[in-house]
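Take a look at the structure below.
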Amino acid sequence: MPVKDKIVSWWIQNVILPKREIIDKPGFVVTTFTEGTKIIYLRDFFLPEQLFELIENNIVRSYGNQGKQALYSAGKKFGHLFASLSDFPSIQNSDKKTLFNFAYLFIRYLEGTYAKQANHEMDFEKKMFSISFKDYIICRHNGFGYIMTDGGIAGIWSFVMQDKSLEGVQLKCQGRGDDECFVICAPEKSIEEKTEIFFRETDLSELKFDIMYKAMNEIRETTYAKNSLKDLIDAGFFYFHGGILSYKNNRFFHCDTHVLFLLEQEIAKLPGGEQILFDASFEYGKLLRKTYGENDYQKFIPDFFSALGFGDILVVDSENLRIVTMFYPWTIFSKQTKYIIYRGIMSGIVSDATGKDIKFNNFNEDISQYLTLTITV
Amino acid sequence: MMEEGVELGTNISRVKTGVQGLDNLIEGGFPKGSNIVVTGVAGTGKSIFGMGFIAEGCRNNEKCLYITIEQSPDEIVEQAMQFNWDFNQWENEGKLKIVALDYRRLSEMETYNELTRLVEENHYDRLVIDSITSIVNSPISPYTIADGADRGLHLPALAEMNRANVMTLFELTKKHGITTVSISQKVEGKPGDTLDNISEFIGDGLILLGLVEVGDELKRTIKVKKLRKTKINGLTHTFEFVSSGIVMKSKEV
């Protein structure tokens, strides 16, 4: 194993996974860190790359530049919000050395599940941040990467520099035939010197960890979920090598749960966007079902998705087929969401497994103690 | 990862575990004379682990003792035969003795006196106790209650005697330098590595066996959590049952 891989392996095994990241509790994937005297817990998912490829492909195919803009906006909003929620250092409250150190560690984090290799440069005077990746998730396949690559990184850089007008663009992309992906985040004028085609999003918000978030997302004992992600890695269901975490050769990456809510919000603004999002998620569910083979979906869904951080899941296959998910990650956006991606994936799995067209079109939320999401046909 | 207060065990005599691939991870085997606790929930392969340990000894002409509490000797022989371990033949050759202890008499001192005599007279190299959990959870026999009453001991104190008996057994094996595999049960969802909450602390080693299922796909795991006088990597590995016993699968993380 090359030295670089050894370092990344060490990083994911010793820092990302067991220490900072709680991955040994069924139903939960949680990032922990301290902010002053408080210990903060952020709910995360491990998400399939294939799902995001499908979403981006279908949105771009259906809406062209308008779709690209929506994806970029979702990514940038997510990056900015994630940076604020994670209490990333910014130019307002940190010196340059702190920011350089932070950037170094953040890039190593990206090498955890996002890329095989990453290198970066920062220029505070020009407000410029560039980064090159080998095998970066999503765009390595479809040549887009609007959510995670362009938008996500631009959102984080905007937060660090405390300047919402900074944008990001991918000047080189493995998925488009280049030898690597290369992203630059900078003021519009600097980007315009390099390319005419890029997107803008300045409607960014910040979010702070609060008592409601903590209460709703507290780690609890599960009743139905038996597996944690650590169990699945230890048992060899998931395989990690050189920055790639995969299940049956399909790659997964680590991400804060807000991403699904923000993505849904942005895509819903497109006419018919919700249906496209549902269909892409449905398609992914069918692909996943084909990947895991002839297994019993009623057992597979809780065994698998609970380990990815979705909560404690029970599939009730009675006359009224429903999937009950206790401890589904709650965010401030939960009351506005329709859980389109989750419903779509589950519909795809169950439809493919049963050979029937089953769509979980309805949902019900109970937030009396924590979020219990029930989806029904 | 290194157990506390030990030198690296180059001069320590090692005993092969009988699990293909495990010896390489623990400097060649269990330290001779150590007591290794093997734990896991039902169905994880704890008894098979113990049988494989005995089979390895018998193949090497060592003298072995298998103490069974939950299964009859016939059941043990039958189960071992699934892996072509001929316990009957080894018993006939004097390499192996299978002793079934009466669950109802585990609290009685006489049981341990008999065991002590057996061990002292036979110079065993290897021992399997299947299981420690049965000893700790065994009922207090009427004889023990009567005997205790004579000595002014009441039920709560007598219940603690089961734990003391485990200590007695461990001390006995230590005194005679017998390398021992003690099987202990774990209940899913309950905290602690063992149900008895004692063996994990007093054993020289602790091996966790696990089962992980996704849909109808099942994988078995093994982790050496503690092993005195031995450098261990602390990682969880996978294993499978094959016709010759337990084989560890290679791990690349």
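In table form, for the structure just shown:
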{"item": "Long-range neighbours under 9 Å by Cβ, at least six apart or interchain, first residue within 13 Å of another protein chain (Cβ to nearest Cβ) and under 28 Å from residue B:43 (Cβ atoms) within segment B:220-232, second among the charged types (D, E, K, R) and part of a strand (DSSP E or B)", "result": "B:220/B:240"}
{"item": "Flag if residue A:323 is away from chain B (no Cβ under 14 Å) and touching a Ser or Thr at 6+ places or on another chain (Cβ under 8 Å)", "result": "yes"}
{"item": "Pair list, Cβ under 7 Å, 6 or more apart: segment A:287-305 residue at the interface with another protein chain (Cβ under 10 Å from one of its Cβ atoms), other residue part of a helix (DSSP H, G or I) and among the basic types (Lys, Arg)", "result": "A:297/A:289"}
{"item": "Of the criteria (1) surrounded by fewer than 17 Cβ atoms within 10 Å (Cβ to Cβ); (2) within 14 Å of another protein chain (Cβ to nearest Cβ); (3) within 23 Å of residue A:342 (Cα to Cα), which one residue A:239 fails", "result": "(3)"}
{"item": "Selected residue (only one of A:262, A:207, A:232, A:245 is within 14 Å of chain B (Cβ to nearest Cβ) and either in contact with a helix residue (DSSP H, G or I) (Cβ under 6 Å, 6 or more places away or on another chain) or of a type in the set (D, E, K, R) (or both))", "result": "A:245"}
{"item": "Odd one out for residue A:353 among (1) in contact (Cβ under 8 Å) with a residue 60 or more places away in the chain; (2) more than 14 Å from chain B (Cβ to nearest Cβ); (3) at negative phi", "result": "(2)"}
{"item": "Condition met for residue B:222 (in contact with a His (Cβ under 9 Å, 6 or more places away or on another chain) and outside any helix (DSSP H, G or I))", "result": "yes"}
{"item": "Any hit, segment A:220-227, residues being touching a residue at least 24 places away in the same chain (Cβ under 8 Å), more than 10 Å from chain B (Cβ to nearest Cβ) and basic (Lys, Arg)", "result": "yes"}
{"item": "Qualifying residue in segment A:326-342 (condition: outside any loop (DSSP other than H, G, I, E, B), surrounded by 22 or more Cβ atoms within 10 Å (Cβ to Cβ), touching a helix residue (DSSP H, G or I) at 6+ places or on another chain (Cβ under 8 Å) and within 14 Å of chain B (Cβ to nearest Cβ))", "result": "no"}
{"item": "Wholly enclosed helices (runs of 4 or more DSSP H) of segment B:119-218 bearing at least 2 residues within 14 Å of another protein chain (Cβ to nearest Cβ) and either without any contact (Cβ under 8 Å) to a residue 12 or more places away in the chain or surrounded by 20 or more Cβ atoms within 10 Å (Cβ to Cβ) (or both)", "result": "none"}
{"item": "Of all residues making up segment A:343-375, the number that are in a loop (DSSP other than H, G, I, E, B) and touching a Ser or Thr at 6+ places or on another chain (Cβ under 7 Å)", "result": "5"}
{"item": "Condition broken by residue A:252, with the remaining ones in (1) under 16 Å from residue A:54 (Cβ atoms); (2) among the aromatic types (Phe, Trp, Tyr); (3) away from chain B (no Cβ under 14 Å) satisfied", "result": "(3)"}
{"item": "Given (1) of a type outside the set (Ser, Thr, Tyr); (2) within 21 Å of residue A:249 (Cα to Cα); (3) within 14 Å of chain B (Cβ to nearest Cβ), index of the condition residue A:348 fails", "result": "(3)"}
{"item": "Residue A:312 being surrounded by fewer than 22 Cβ atoms within 10 Å (Cβ to Cβ) and within 14 Å of another protein chain (Cβ to nearest Cβ)", "result": "no"}
{"item": "Selection within segment A:343-362 - touching a strand residue (DSSP E or B) at 6+ places or on another chain (Cβ under 6 Å) and surrounded by fewer than 18 Cβ atoms within 10 Å (Cβ to Cβ)", "result": "A:362"}
{"item": "Of the criteria (1) surrounded by 18 or more Cβ atoms within 10 Å (Cβ to Cβ); (2) within 14 Å of chain A (Cβ to nearest Cβ), which one residue B:235 fails", "result": "(1)"}
{"item": "Hits in segment B:96-117 - residues which are outside any helix (DSSP H, G or I) and either under 25 Å from residue B:55 (Cα atoms) or among the aromatic types (Phe, Trp, Tyr) (or both)", "result": "B:96, B:97, B:98, B:99, B:100, B:101, B:102"}
{"item": "Residue within segment B:94-101 that is crowded, with 18+ Cβ neighbours inside 10 Å, touching a residue at least 60 places away in the same chain (Cβ under 8 Å) and touching a Cys at 6+ places or on another chain (Cβ under 9 Å) present", "result": "no"}
{"item": "Test: residue in segment A:301-315 that is modelled with pLDDT under 95 and assigned to a loop (DSSP other than H, G, I, E, B)", "result": "no"}
{"item": "Residues satisfying the stated conditions in segment A:356-377, i.e. in contact (Cβ under 8 Å) with a residue 12 or more places away in the chain and over 16 Å from residue A:274 (Cα atoms)", "result": "A:358, A:364, A:365, A:367, A:370, A:371, A:372, A:373, A:374, A:375, A:376, A:377"}
{"item": "Filtered residues of segment A:185-221 (kept if crowded, with 19+ Cβ neighbours inside 10 Å and among the hydroxyl-bearing types (Ser, Thr, Tyr))", "result": "A:213"}
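Here is a yes/no grid of residues against (1) in a loop (DSSP other than H, G, I, E, B); (2) of a type outside the set (Lys, Arg); (3) within 17 Å of residue A:79 (Cβ to Cβ); (4) touching a Phe, Trp or Tyr at 6+ places or on another chain (Cβ under 6 Å):
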{"position": "A:111", "(1), (2), (3), (4)": "no, yes, no, no"}
{"position": "A:120", "(1), (2), (3), (4)": "no, yes, yes, no"}
{"position": "A:125", "(1), (2), (3), (4)": "yes, yes, no, no"}
{"position": "A:132", "(1), (2), (3), (4)": "no, yes, no, yes"}
{"position": "A:157", "(1), (2), (3), (4)": "no, yes, yes, yes"}
{"position": "A:175", "(1), (2), (3), (4)": "no, yes, no, no"}
{"position": "A:194", "(1), (2), (3), (4)": "yes, no, no, no"}
{"position": "A:199", "(1), (2), (3), (4)": "yes, yes, yes, yes"}
{"position": "A:214", "(1), (2), (3), (4)": "no, no, no, no"}
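The values are calculated or read from the model by the stated rules, or taken from the named source; none is laboratory data. Predicted, not measured: the structure shown is a model, and the values here were computed from it. Note that each Cβ is placed from the backbone with ideal geometry, even for glycine, and that neighbours are counted across all protein chains shown.
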